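Computed from the coordinates by the stated procedures, all read-outs in this text should not be read as laboratory data. Since this is a predicted model, take the numbers as computed values, not measurements. Cβ sites come from the backbone with ideal geometry, for glycine too, and all protein chains shown count toward neighbours.
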Amino acid sequence: MEGGRKRASSGGIPAVLALIRDSFFYRLSAAVGGAIYRGAMNSWLVRWLSKATVLPGDGLFHELFLGKPAALCKRLRLGLAEQVENSLLVRLWTGFVRHLLALDMVSWGGGLLAFGITLLGVTGLRALQGEIESFYGVQAAFAAASVLGGFLCATCREPLGEMLLDSGVLRWLLVDFVGVRKSSLSVGRAEHSLFVPVAAGILLGLLTLKLRILYLFLGAAAVVGAALILCVPETGLVLILLALPFLPTMLLTAACLYVDMAFFFKLLRCKRVLRLEAVDLGVAAFGVVQLLLGGLTSLRPAQSVRQVAVYGVFMLTYFMAANSVRSRQMAQKTVLALMLSCFAASMLGVYQNFAGVESTASWIDSEMFAEIGARVVGPFDNPNVFGEYLIMLLPLAISLILARRGAQRLIGAAVTLAAGAALVYTWSRGAWLGAMASVGLLLVLYHAVLLRLVVPAIVALPFVAAALPSAILSRLTSIGNLADTSTAYRVSIWTASVNMLKDIFRSGIGTGSAAFSAVYPAYALGGAAYALHAHNLYLQIFVELGVVGIAVFVLMLFFFFRSVFSCYRTLDDRAQATTILAMGLGVFALLVQGLTDNVWYNYRIVLLFWLLMGLVIGMGRDDGLSDARRRREEPHESA
């Protein structure tokens, strides 16, 4: 019997796998994959990219250009920080916050009572004047709840700060999510004063004469949120990542500017650390080139300066993000925020595919692709832009499946499925190419054994292509087909842009569609008489900023990807290293699509580009130090 069991256990799946491993086809595929891997690892490009780019740490150059200026800046910064900390504004702000946290719940109960009674009076007045149909409505319900809450608060004499720490939900929100220190909330002895809470309650109640109750609460939440971001700017970064696909450009720019200012105000107070390396200097140099060549010397300076100003805010956000990821917990928050927003945007795209969405006729050649009914746009206004957003985050979602466990793996799987489906429904060929390039590179770099599938993949390619739906197959095979009006239109614009470069390559024409539209008609070819941009990121930057601009841009990208691959090979935490690689490949995916479109035409995509770069650099600086050790080494932080 035992011999029979042994013979049975030697069959089945293990026996089949053993036959496959011993087959000539598998050994050929493994030999080809191994040769590719060894050749790549020994190539000068991989060895060059895998080395960390660091600024010189000694020598005359360091002493003259880095050492002495850094020491002088540190002395100035410490002196300025002392002045800021002792300034009247900071002392009033910190004192006011501590006073509010020290007020006992009896005082806050008085504020709720004042708000509820005032709201009841306002509701009754509006009902008498006929502005509302009935006294018994939403406002009256809020008023009654406020009065009841006021009476409940009056039974407790603990200070507000201690009550926030005693509540499990609020403690998680403020301490674990926002990052407020417990010592900042714990105030010790309670104070009793009805003036501020009652005055605030009466004022808010009177505001309902002009504002709906919903807007009033949203405004109050915005004020509280702004105060929390001023105390912990990293919270603003997480909220920006969550809201990025859904907020309009100007509101998003204002939010970025506020969070940047909050971070740099912390920096002035010596409660944050600003670290710089080669890629940071590359970003700063590109920002200077944008300002000088893209804005001030533009053919249309009024329009270009406005666009460069938005770009400048986003580049400041890069520096904020690169210096905000100071712990494993913060890194996880940013990844989770990106995944949640991507899932919501992807599900919106999937819904649009089945519910129907209006498509502009110029988005697709209806004669060549009659089977494609519509192209989804998600929270954006263009399917190509939606595709750009999806491919930047798809590698990150897949990396969670590969390198994480538990809930994070489930989140990665859900986002991968939703984003993958939405990406198909965009029907964006450039986005598909970017996704295939980045995801394929991620899988190969994550485990070299996948290179053994090169030969089977080549053999299976015709069968996989035959199994694809006809609409997807025809869309893929149309890449490069000049019979497609979209492809022919792009080729005409590229040709005209190259002709334009022959005359303006030294200094460029300036940033934005206004400058491009002013010059392009003189070089336009038949079939593309009108264009707002070059439909190619690299041509666009070259045309706008000239040879200096494109050179600085390429140098900046070199330093960035060198940092990505160096971190991936050297970090001990492989899950963190895979996250860094996936975010870097998200940027790479956008750059691949940039070969076929000006992917910086949409501001939200530009912001996500700089945010991903900043997060990658910030996570890469986390060299394996524990959170406790990092807290000891960094300046003390308080509200």
What are the ³J(HN,Hα) couplings of the range 308-314, residue after residue, when phi is run through the Karplus curve with 6.51, -1.76, 1.60 and θ = phi - 60°? Round to Hz, x for glycine and proline.
5, 5, 5, 4, x, 4, 5
How many angstrom lie between the Cα centre of the range 107-175 and the Cα centre of the range 537-570?
54 Å
Using packing as a proxy for protection, rank 156-167, 331-342, 81-92, 554-565 so that the peptide with the highest average count of other Cβ atoms within 10 Å comes first.
331-342, 554-565, 156-167, 81-92
What are the residues whose amide H is under 5 Å from the amide H of residue 191, where those residues sit 5 or more places off or on another chain and H is modelled from the backbone?
103, 104
FRET efficiency (residue 222, residue 547; Cβ distance; R0 51 Å; to 0.05) is 0.65
About its Cα centre, what dipole magnitude does the range 138-272 give when the only charges are +1 on Lys and Arg Cβ and -1 on Asp and Glu Cβ, stated in debye to the nearest 20?
240 debye
Cα centroid of the range 389-433 to Cα centroid of the range 277-314, whole Å:
32 Å
For the pair residue 254/residue 332, report the inter-label distance in nm, with labels modelled 7 Å from Cα in the Cβ direction.
3.5 nm
Once residue 355 and residue 402 are pulled to full extension, the length gained, defined as 0.36 nm per residue separation minus their Cα-Cα distance, is 13.6 nm
Residue-by-residue Karplus 3J(HN,Hα) for the range 158-175, coefficients 6.51, -1.76, 1.60, Hz, glycine and proline x:
6, x, 4, x, 5, 5, 5, 6, 6, 7, x, 5, 5, 5, 4, 5, 7, 8
Linear extension gain, residue 196 paired with residue 156, 0.36 nm per residue minus alpha-carbon span
12.6 nm
Quick one: length gained pulling residue 572 to residue 274 fully straight, 0.36 nm per residue minus the C-alpha distance?
104.9 nm
For a quick check: with amide H placed at 1.01 Å from N, whose amide H comes under 5 Å from residue 376's, ignoring anything fewer than 5 positions away on the same chain?
426
Going by average Cβ density within 10 Å per residue, which order do the peptides 418-431, 217-230, 539-552 take, highest to lowest?
418-431, 539-552, 217-230
Given points 7 Å out from each Cα along the Cα-Cβ axis, report the residue 443 to residue 186 separation in nanometres with one decimal.
5.2 nm
Could you run the Karplus curve 6.51 cos²θ - 1.76 cosθ + 1.60 with θ = phi - 60° over the range 553-558 and give me ³J(HN,Hα) per residue in whole Hz, x for Gly and Pro?
4, 5, 5, 4, 5, 4
Could you work out how far apart the two model spin labels at residue 126 and residue 538 are, taking each label as a point 7 Å from the Cα in the direction of the beta carbon, and quote it in nm?
5.9 nm
